[in-house]
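Below: one structure, written as C-alpha cells.
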Amino acid sequence: MYESNNKKVEKIVNLIQSHGCIVEGKKISLDDLPLLCQDLNDSDKKEIAGLIQSIDDELFHLYGDRQYLDSQIQSLEPVKEKLSQLV
C-alpha cells in the first residue's frame with residue numbers, strides 16, 4: 001500500500017495495515033492511533049496528508065467496485081429465484 005521513509009509515519013501505516021492483527025506478540029488496533037499521532041511534528045503533516053489522500057483514493061476505488069458488484073448481484077437475483085423454483 002503506502003511506504004514511507006519517515007519512521008513515525010511508517011509506524012502509523014503499519015498500524016493501519018495490520019488492524020486487528022497480532023504484531024510482535026501484541027494485538028494492535030486503530031485505537032492506538034491517537035497516541036501515535038501525538039508524536040507527529042508539523043514537518044510530518046505533508047506526508048500524513050498524502051497518506052490520508054492515499055487511503056481516500058483506495059476507499060473511493062473500493063466503493064466503485066462495490067457499486068458495480070452490487071448491480072451485478074441484483075441482476076442475478078431473478079435468475080437465482082427461477083433456478084430455485086426449478087430445483
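Electrostatic tally near residue 59: other residues with Cβ closer than 12 Å to its Cβ, Lys and Arg +1, Asp and Glu -1, net -3.
Residue order by solvent-accessible surface for 45, 8 is 45, 8, largest first, with ligands and nucleic acids left out and a 1.4 Å probe. Between residue 63 and residue 46, the contour length at 0.36 nm per residue exceeds the alpha carbon distance by 3.6 nm.
The values are calculated or read from the model by the stated rules, or taken from the named source; none is laboratory data. A quick note: this is a predicted structure, and the numbers were derived from the prediction, not measured. Note: ideal-geometry Cβ built from the backbone for every residue, glycine included; neighbour counts use all protein chains shown. Calculation scope for accessible area: heavy atoms of the full protein, side chains included, ligands and nucleic acids excluded. Shrake-Rupley method; radii C 1.70, N 1.55, O 1.52, S 1.80 Å.
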